[in-house]
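Notes follow once the structure below has been shown.
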Amino acid sequence: MRESTKMLLHYVTALIIIVTGLIHLLANNDPNVGKLISSNTYLYLGNMAIFLAALLYHAFNGIRVILIELVPDKCWTKLIGWAILLIGVVTYIVGFQVLLMALGLI
Amino acid sequence: MSEELEYYAQNRRGVSGWFKVRGYVIERKLYALHRITGILIVLFILPHFYSTGWHPGLWWDALLGVIVTFHVANGLRLTLLELFGIGIGRPLLVKKPFQRPVSIEGKQRYLLAISIIIFIVLAIIWSYYAILVKPLMGG
């Protein structure tokens with residue numbers, strides 16, 4: 001993937017995080033609107049699945065950018081890219097599993 | 001490549017280079033803060049994933065609010081500037097040492113002021129909720 005595409009996704013996920021993160025905050029803290037969201041398990045799960053994916057992409061891409069800037073080397077850049085992708089995918093799987101357990105779905 | 005350019009290309013300052021803000025424009029300070037707050041948010045979200053109800057607690061929750069709202073407000077400014085190109089103006093050749101680049105003047109500075117106002121308002125709301133409202137709700 002081109003670096004410009006990765007950064008475009010970084011901005012897009014930031015905007016997704018603002019929307020889904022606000023829903024997450026309302027669902028867990030607001031007694032009125034939040035109840036409507038958290039009472040529907042699949043709506044809550046759907047929002048959290050998108051929020052988790054966007055948040056992990058944004059967070060790990062941010063770390064990747066910092067790390068490749070610290071050591072400007074082609075080989076290091078590739079290595080960091082793959083390592084971060086692997087850690088990100090594993091964290092998403094674990095995070096989604098924790099979410100399903102918290103909702104009592106598994 | 002001159003020696004000075006090569007020095008910066010290799011980024012030999014590393015993380016300490018983020019804190020070299022003295023004498024630079026305010027955007028440079030916001031850049032350093034954006035990175036630091038981003039790292040702090042990652043340090044919060046990782047334990048929050050594994051234990052879904054985990055929160056740092058009263059005053060730490062308020063501090064978390066300050067960190068998150070700063071990152072959001074500054075991130076919105078960066079998205080408008082870098083993704084949509086709003087407020088940066090037409091590129092001009094800078095005539096040193098008297099002319100300042102157009103990208104750090106004009107409309108971009110209004111965006112910066114707005115983002116700081118958004119940050120202050122959101123941080124106050126979040127802190128008020130974390131310190132005063134949530135304990136009353138038994139949170």
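When A:Ile87 is tested against the conditions (1) open to solvent by less than 80 Å² (accessible area, probe 1.4 Å); (2) closer than 19 Å to B:Ile39 by Cα, the lone failure is (1).
The residue pairs whose first member lies in the stretch B:31-57 and is over 15 Å from A:Val94 (Cβ atoms) and more than 10 Å from chain A (Cβ to nearest Cβ), whose second member is open to solvent by less than 60 Å² (accessible area, probe 1.4 Å) and not in a helix (DSSP H, G or I), and whose beta carbons are closer than 6 Å, counting only pairs six or more residues apart or on different chains, are B:Ala32/B:Val21. Taking B:Asp61 as meeting all but one of (1) closer than 28 Å to B:Ile124 by Cβ; (2) loosely packed, with under 12 Cβ neighbours inside 10 Å; (3) within 14 Å of another protein chain (Cβ to nearest Cβ), write down the number of the exception. B:Asp61 satisfies every listed condition except (2).
Those helices (runs of 4 or more DSSP H) of chain A in which at least 1 residues are more than 10 Å from chain B (Cβ to nearest Cβ), closer than 25 Å to B:Leu122 by Cβ and charged (D, E, K, R), considering only elements entirely within it, cover A:33-39. With respect to the conditions (1) farther than 19 Å from A:Ile17 by Cβ; (2) open to solvent by less than 50 Å² (accessible area, probe 1.4 Å), B:Arg77 lacks only one, and its number is (1).
The values are calculated or read from the model by the stated rules, or taken from the named source; none is laboratory data. Everything numeric in this text was worked out from a predicted model, so none of it was measured. Every residue, glycine as well, gets a Cβ built from its backbone with ideal geometry; the counts of neighbours run over all protein chains shown. Just so you know, the surface numbers come from the protein's heavy atoms only, side chains and all, with ligands and any DNA or RNA stripped out. Shrake-Rupley method; radii C 1.70, N 1.55, O 1.52, S 1.80 Å.
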